[in-house]
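Trainee: Quick one: this structure, given as structure tokens, is what I'll be asking you about.
The values are calculated or read from the model by the stated rules, or taken from the named source; none is laboratory data. These numbers come from a predicted model, not from an experiment. Glycine also receives a Cβ, built like all others from the backbone with ideal geometry; neighbour counts cover every protein chain displayed. Side chains are part of the model used for accessible areas, which takes the heavy atoms of the whole protein and leaves out ligands, DNA and RNA. Shrake-Rupley method; radii C 1.70, N 1.55, O 1.52, S 1.80 Å.
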Amino acid sequence: MQLLQTLRENKRLVVGLVVAPLGLYTGIRIKDWRTERKVSEIQREVQNTRQPPPEPSESDEIRAELQNLRSARAQLGRQESLLNQELEGVLAKLKRLDAQDAKQEKEK
């Protein structure tokens, strides 16, 4: 009984007892809301800063072109050696034919 009478006489105490928990609850909710907002902003920034896969850089393109040129040069070297062998064979045949022609002219 005395508690009820004290509460009736001291309205500020009643207001304090009601407002304090509401203030704490509201403060916690505001803090949670701000935290969620910060987290969502950070997530958006992370998503915006994610970069697409890097495009091949100019040096990569040059490196690939250089590799292609090297393989083409090697292939041309192989073709050159084959053509040289074929040319040597043709020259040997020409020498034999010249020698046969010279023999035939001597016989005549």
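Trainee: Can you tell me which residues in region 13-52 are open to solvent by 100 Å² or more (accessible area, probe 1.4 Å), part of a helix (DSSP H, G or I) and at pLDDT below 85?
Mentor: Across region 13-52, the qualifying residues are 17, 47, 48.
Trainee: Between residues in region 79-108 that are in a helix (DSSP H, G or I) and residues that are of a type in the set (Gly, Ala, Ser), which pairs lie under 9 Å by C-beta distance while being six or more apart or on different chains?
Mentor: Short answer, once both residue conditions are applied: none.
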